[in-house]
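> So that we are looking at the same thing, I have put the structure below in structure tokens.
The values are calculated or read from the model by the stated rules, or taken from the named source; none is laboratory data. What you see is a predicted model; the values in this text were computed from it and never measured. Counting neighbours? That spans all protein chains shown, and the Cβs are built from the backbone with ideal geometry, glycine included. Ligands, DNA and RNA are excluded from the accessible area calculation, which covers all protein heavy atoms including side chains. Shrake-Rupley method; radii C 1.70, N 1.55, O 1.52, S 1.80 Å.
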Amino acid sequence: MCGIIGISSNKSVSSSILNSLKKLEYRGYDSAGLATLSDGVINEVKSEGRVDSLEKNFDLKNLKGNIGIGHVRWATHGIPNSVNAHPHSSHNVSVVHNGIIENSTTLKKSLISKGHNFKSQTDTEVIVHLITENLRSSELELAITKTLKQLQGSFALGIVFKDIPDLIVGARRGSPLAVGYGPNENYLGSDSYALKSMTNKVTYLDDGEFCIVKKDQVLFFNEQGKKINKKILELSSNEANYDKGDFKHFMAKEIEEQPTTIKTGIKEYVDNLNKDISIFNFPWNIDEINSITLIGCGTAYHSCLMAKYWLEELTSLEVSIDIASEFRYRRNKFKKDTLYIFVSQSGETADTYAALDLCNKNKMKTCAVVNVIESSIARDSNFVLPIHCGPEIGVASTKAFLGQILVLYILILKISSLRKEIDKDQYHEKIKDLKALPSLIEKTLLHDNDIQAISSTFNDAKGSMFLGRGFSYPIALEGALKLKELSYIHAEGYPAGEMKHGPLALIEEGMPVVVLAPRDKYYKKTISNMQEVIARGAKVLLITNKSDNEVVSENIWETIEVENTNDDLLPFLLTIPLQKLAYYSALKKGYDIDKPRNLAKSVTVE
Ligand code: F6R
């Protein structure tokens, strides 16, 4: 959430900063800005809206300066406009910030009493004035140490100084920040994605640390301002994946990439020779684990819920799931025999990270299921299971969801087999079915024209509901989330059996309702619930799997039949039409599919 870039070079930096901001835009896109230093002047330019507007409004190519910082914003304090856009500057300091300063009101009052003038409604501006104030009495490193001590809350910072024109200061507490190393230049970035096009050599700052980035040198300091040494890591890079190719949107591309996501996941974890699942270096003995808690946010939370159903079906382990923002503030009873699994595409989600941190502080067993293996959540977990789906750029998660549930399913199958809760034949049968999944997804992706046609009805409606039972319930939640975040249509996911306890009152003539009723053990029950909504006027889109038996129900508006596989794997297939429904609905409305309003890809504030 919010993106930061800083470049210290021996040549002009404005074009490179602009290119990086375009890459970072998925982290926030309500305003953008940059500041360079040249001839003893801070050149600050900022604009409401996308990076494109910044480019249109200013002649950035001629903005001089070999050192600069840039920012894309996702508003926390203050409305999205050009005044609240970053950088924020005083006469001698300019700052870009990602995070929230919790004591900004108190600090602001005290700074105003010392004669500082504020221009914006942001919490960030207090940082600018605090540094300016502290620089009056202290040298740079001490002024930074003092400032960071005065700040409460979370931050990643990039700071430039008019009077110290050869360096950028970076600082991290709670929000990720990395340093990158290039030829005759060095960088600061809120994530490695922004840096990858310039370098594959990076160092991640840890909480409490700050750094000084010059074109030919980087120095690191701990919270006390003492110099420290840090490791340089090499990133794996695959630039090709950052391209939309022939697709109109990243989301469309990412939906179509899902057979590859699943193929890659299977290749990583399934040992073809021995028809077994290989999870290398699992750090615990399976007998040490008697319960599993899964934690995530949004779509990743739906993956946790999916895993709960599978774990209960395939093991006798105790299972609980939690939304990270709730878990982190509850009085949890930490148990030594619990495995805590953190699910996150970005690996940077602030709430999920805080939940992990809490578990680490309580010395729990922690495992991360992430896409970005260099992320904070991956680095700070005891064990990492990457989902290997490549960069996901569309803000709405699609292939990462399938990647997450794949890895979780594989882990659960393995645990079940190690605990001898599944017999060998059944285990091998399920692995065989898993290997057939990519081609079934390919076939399910062919449902395109029918979903395009159906999507108009959703666009004309006041709201919609997504119903499912058992394994289909998490998918109903995910389908509703996708539709609301992309096409801004009110959509609710519900357990089908729960409708009569209240939500049925919402059903009125012509309301589109998606019913997920694959022919699993819940089928008949779900079909009964479907009839209840049809009887009250709902227009039902039934999504089921192919079968020789016809669906016994009248007045179904539309039916989509996905391919057939074992019950465990049907959720993968049911997800596809729902992703497409959300995509086509937003496309028809002309909304910005890859960057839905008010959202951002990497949610690094709580
Ligand atoms: C919805 C979506 C979000 C994320 C959530 C967690 O399409 O993408 O709900 O799933 O913000 O993000 P990660 O997985 O990066 O922790």
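> Using only alpha-carbon positions, what ratio does the radius of gyration of the chain give when scaled by 2.2 N^0.38 Å?
After normalising by residue count via 2.2 N^0.38 Å, the value is 1.02.
> So what is the accessible area of region 27-121 per residue, in Å², with the probe set to 1.4 Å?
43
> Can you give the extra length, in nm with one decimal, that the chain gains between residue 233 and residue 152 once fully stretched, where that is 0.36 nm per residue apart less the Cα-Cα distance?
So the extension gain works out to 26.2 nm.
> While we're on this one: Compute the distance in nm between two label points, each set 7 Å from the Cα along the Cα-to-Cβ direction, one at residue 337 and one at residue 19.
5.6
> Given the -39500 (n - 2.57) contribution per DSSP H run of 4+ residues, what per-residue ellipticity at 222 nm results for the chain, rounded to the nearest 500 deg cm²/dmol?
Mean residue ellipticity at 222 nm (helix-derived): -11000 deg cm²/dmol.
> Residue 426 to residue 557: FRET efficiency via 1/(1 + (r/R0)^6), r the Cβ-Cβ distance, R0 45 Å, to the nearest 0.05?
Once rounded, the FRET efficiency stands at 0.75.
> Share of antiparallel DSSP beta bridges in the chain, in percent to the nearest 5?
60
> In whole angstrom, note down how far apart the Cα centers of region 223-285 and region 556-606 are.
Between the Cα centres of region 223-285 and region 556-606 lies a distance of 22 Å.
> Calculate what fraction, in whole %, of the accessible area of the chain sits on carbon and sulfur atoms when a 1.4 Å probe is rolled over the protein chains.
Of the solvent-accessible surface of the chain, carbon and sulfur hold 47 percent.
> Residue farthest toward the positive end of the dipole of region 250-444, with Cβ of Lys/Arg at +1 and Asp/Glu at -1: which of 373, 386, 327?
Farthest towards the positive pole: 327.
> Let me ask you something else. Report the Rg/Rh value for region 528-606, based on alpha-carbon coordinates and the Kirkwood definition of Rh.
1.09
> Quick one: length gained pulling residue 288 to residue 201 fully straight, 0.36 nm per residue minus the C-alpha distance?
Result for the pair: 27.5 nm of gain on full extension.
> With a 1.4 Å probe and every protein chain left in place, work out the accessible area per residue of region 448-589 in Å², rounded to a whole number. Mind showing how you got there, number by number?
On the way: 5420 Å² over 142 residues.
Result: 38 Å² per residue.
> Counting only complete DSSP H runs, which helices of the chain cover 27 Å or more along their long axis at the Cα atoms and score a mean Kyte-Doolittle of 1.6 or above? Intermediate results must be reported in sequence, preceding the final value.
On the way: long enough: 399-418 (28 Å, 1.75); 424-445 (32 Å, -0.85); 570-589 (30 Å, 0.56).
In the chain, the long hydrophobic H runs are 399-418.
> Related question: Would you please put 482-492, 146-156 in order of how densely packed they are, using the mean number of other Cβ atoms within 10 angstrom per residue and starting with the highest?
482-492, 146-156
> Another question about this same structure. Provide the FRET efficiency to the nearest 0.05 for the residue 536-residue 433 pair, computing r from the beta carbons and using R0 = 41 Å.
On the way: r = 37 Å, r/R0 = 0.91.
Between residue 536 and residue 433 the formula returns 0.65.
> Work from the charge dipole of the chain (Cβ charges, +1 for Lys and Arg, -1 for Asp and Glu, about the Cα centre) and give the residue of 463, 112, 526 farthest towards its positive end.
So the residue furthest toward the plus end is 112.
> Which FRET efficiency, nearest 0.05, do residue 114 and residue 274 yield, Cβ-Cβ r, R0 60 Å?
Efficiency at R0 = 60 Å is approximately 0.30.
> Still on this structure, please answer the following. Could you sort the peptides 529-536, 209-216, 226-233, 404-411 by per-residue average Cβ neighbour count (10 Å cutoff), highest mean leading?
Most protected by this proxy first, the peptides run 404-411, 209-216, 529-536, 226-233.
> Another one. Could you give the dipole magnitude of the chain about its Cα centre, charging the beta-carbon of Lys and Arg +1 and that of Asp and Glu -1, in debye to the nearest 20?
Working: 72 positive and 75 negative charges, 288 e Å.
Dipole about the Cα centre, nearest 20: 1380 debye.
> Please compute, for the alpha-carbon atoms of region 448-589, the extent along each of the three principal axes and give them in descending order in Å.
Projected onto the principal axes, the Cα atoms of region 448-589 cover 36, 31, 24 Å.
> Moving on to the next point. Given the options 161, 436, 182, identify the residue whose Cα lies farthest towards the positive end of the charge dipole of the chain (+1 on Cβ of Lys, Arg; -1 on Cβ of Asp, Glu).
161
> Hey, quick one: spin label on residue 247, modelled 7 Å out along Cα-Cβ, who in region 590-606 has an amide N within reach, i.e. under 13 Å?
593-595, by backbone N distance to the label point.
> At what distance in angstrom do the alpha carbon centres of region 1-36 and region 324-353 lie from each other?
After rounding, the separation between the Cα centres reads 32 Å.
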